[in-house]
Structure formats: C-alpha cells, structure tokens
Amino acid sequence: MSTLELSDEQVISLVRGLPAERKRAALLALAQDAQVSRDDRLHFGEAQLRRASVERGLDWDRLSEDERESFVDALLHEK
C-alpha cells in the first residue's frame, strides 16, 4: 500500500473544496481528535503533579485550590 503525501496547503485546499456537510464532518472529526489529545495531556499532567506532591510529602487531593496553585508555582520556579 502506498502513502500519498500532501502539504498542509494541499490538505486545506482539499477540505475547502468539500461540500458543506462533508467539510463540517471533517472539522468535527479534527476537533474531536484535538479534544482527546487535550484530555490525555491533562490526565498526564495531573498524574505528574500527584507524583511530585507525594515526593514532597503532600496529598494532592487534600490541598485546597490555593495550595495547589502555590505548589505548582513553586514547582515552576525550582532550580
């Protein structure tokens, strides 16, 4: 099976040439993929924050929203 390689501009041009309903379906499929990727990144980030809090003797679930923000701020400014 061969693979067709298209430039970004070619893909955009092809999508623009679709009938309105098929264009909408393509855009919805892309948006759904983006949402799945976003959800995966959020879950990964939360797992990393939980791990980092345990390493520092903290319980992520018991931290208030302000404590979580302070914790993340401290992580971001660590050297």
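The values are calculated or read from the model by the stated rules, or taken from the named source; none is laboratory data. Fair warning: this is a prediction, and the values are worked out from it, not measured in the lab. Glycine gets a Cβ as well: all are built from the backbone with ideal geometry, and neighbour counts include every protein chain shown.
Each residue in the range 58-68 was checked for being touching a Leu at 6+ places or on another chain (Cβ under 9 Å) and either under 16 Å from Gln48 (Cβ atoms) or at pLDDT below 95 (or both), and 2 of them qualify.
I want to confirm something. Restricting to the range 37-64 and keeping residues that are within 16 Å of Leu76 (Cα to Cα) and not aliphatic (A, V, I, L, M), which single residue is surrounded by the fewest Cβ atoms within 10 Å (Cβ to Cβ)? So the residue we want is Glu55. Before we move on, is Val54 in contact with a Lys or Arg (Cβ under 9 Å, 6 or more places away or on another chain), free of Cβ contacts under 8 Å to residues at least 24 places away in the same chain and not polar (S, T, N, Q)? Here the answer is no, as Val54 does not meet what is asked. Only residues that are on the phi < 0 side of the Ramachandran plot and not in a helix (DSSP H, G or I) were counted across the range 41-79, and they come to 8. Applying the criterion of being loosely packed, with under 10 Cβ neighbours inside 10 Å and among the hydroxyl-bearing types (Ser, Thr, Tyr) to the residues of the range 2-36, the residue that is modelled with the highest pLDDT is Ser7.
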